[in-house]
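S.K.: First the structure, then my questions, so here it is.
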Amino acid sequence: DVYKRQVCYHYYRAHRDARLEGTLVGATAMSSCYRNEGRATGGLRRLCEFSMREIIFLGAKQAVIEKRDALLRVQRRMLERLRLDALIHTASDPFFIGAYEKQRLFQAAFDLKYEVKAYLPSEHDWFAVGSVNFHQDHFGKAFNIRLPDGELAQSCCLGFGIDRWCFAVFTQHGIDKSRWPRAVADLV
């Protein structure tokens, strides 16, 4: 099941059949994640088991979109502070294949998923370190989560692999902290 691979899934499940008291609620969570993505899993850049941190919001559409946009700004600031060669672009989940192909195309067409990728100098390639997702009312519908006025709740989340961010820092700045840019050493 695709949803059980996400840390945020449990937050939506905890709100099953709920009517939110306001226009926005949020939480943060961290957990180990396990994924078998076949050939996509390899080396240290895409582990089968990794630690993921998520920031999750449920609420009215406009409030959730504003939080989604704020989460994108947070990702950009983190990349800048760590002086990482990285990019943020629209994407879709690689595990949406077969029966999920329509969902993957929908994600891509409506800018629902932004992926954060860091440069991997040793392979001259990019690898995913996180994403920011706007789910619309998908989880509101799936778990019957409603706003005070009865409308379905919308949701968004920022998820990032802690192991992947560390890997990005080490591959781009090295393992000798004394050689890191001063701002990065001070931050870490």
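The values are calculated or read from the model by the stated rules, or taken from the named source; none is laboratory data. Quick caveat, the model's predicted, so the values are computed rather than measured. Backbone-built Cβ (ideal geometry, glycine too); neighbour counts: all protein chains shown. All accessible areas refer to the heavy atoms of the entire protein, side chains included, with ligands and DNA or RNA removed. Shrake-Rupley method; radii C 1.70, N 1.55, O 1.52, S 1.80 Å.
S.K.: Quick one: residue 41 ticks every box in (1) under 20 Å from residue 164 (Cβ atoms); (2) modelled with pLDDT under 60; (3) open to solvent by 80 Å² or more (accessible area, probe 1.4 Å) except a single one, so which number is it?
M.R.: Of everything listed in (1) under 20 Å from residue 164 (Cβ atoms); (2) modelled with pLDDT under 60; (3) open to solvent by 80 Å² or more (accessible area, probe 1.4 Å), residue 41 misses just condition (3).
S.K.: Where the second residue is crowded, with 17+ Cβ neighbours inside 10 Å and not charged (D, E, K, R) and the first is assigned to a loop (DSSP other than H, G, I, E, B) and at pLDDT 75 or above and lies in the range 45-66, which pairs have Cβ atoms under 6 Å and are six or more apart or on separate chains?
M.R.: Pairs that qualify, where the first residue is assigned to a loop (DSSP other than H, G, I, E, B) and at pLDDT 75 or above and the partner is crowded, with 17+ Cβ neighbours inside 10 Å and not charged (D, E, K, R), are 60/147.
S.K.: Now a separate question. Can you name the residue in the range 159-182 that is among the hydrophobic types (A, V, I, L, M, F, W, C) and free of Cβ contacts under 8 Å to residues at least 12 places away in the same chain and is also most open to solvent (accessible area, probe 1.4 Å) among such residues? Give the derivation first.
M.R.: Pass one, the range 159-182, residues among the hydrophobic types (A, V, I, L, M, F, W, C): 160, 162, 165-170, 175, 180.
Subset that is free of Cβ contacts under 8 Å to residues at least 12 places away in the same chain: 166, 170, 175, 180.
On the way: 166: 63, 170: 95, 175: 148, 180: 27 Å².
Step by step, filter the range 159-182, then rank; the result is 175.
S.K.: Suppose the filter is modelled with pLDDT of 90 or more, among the acidic types (Asp, Glu) and in contact with a His (Cβ under 7 Å, 6 or more places away or on another chain); does residue 115 pass it?
M.R.: Judged against the criteria, residue 115 is a match.
S.K.: Oh, and also: Can you find even one residue in the range 159-167 that is at pLDDT below 95 and within 16 Å of residue 57 (Cβ to Cβ)? Don't jump to the end; show me each part of the working.
M.R.: Let us first name the residues in the range 159-167 that are at pLDDT below 95, namely 159-167.
Checking which are within 16 Å of residue 57 (Cβ to Cβ) leaves us with 159-160.
Scanning the range 159-167 turns up at least one residue that is at pLDDT below 95 and within 16 Å of residue 57 (Cβ to Cβ).
S.K.: Further question: Inside the range 3-38, can you point out the residues that are at pLDDT below 60 and either under 14 Å from the mean Cα position of the chain (by Cα) or acidic (Asp, Glu) (or both)?
M.R.: The answer is 3, 5, 37.
S.K.: Next question. Checking residue 132 against (1) over 17 Å from residue 78 (Cα atoms); (2) under 21 Å from the mean Cα position of the chain (by Cα), only one condition comes out false. Which one?
M.R.: (1) is the only condition that residue 132 fails.
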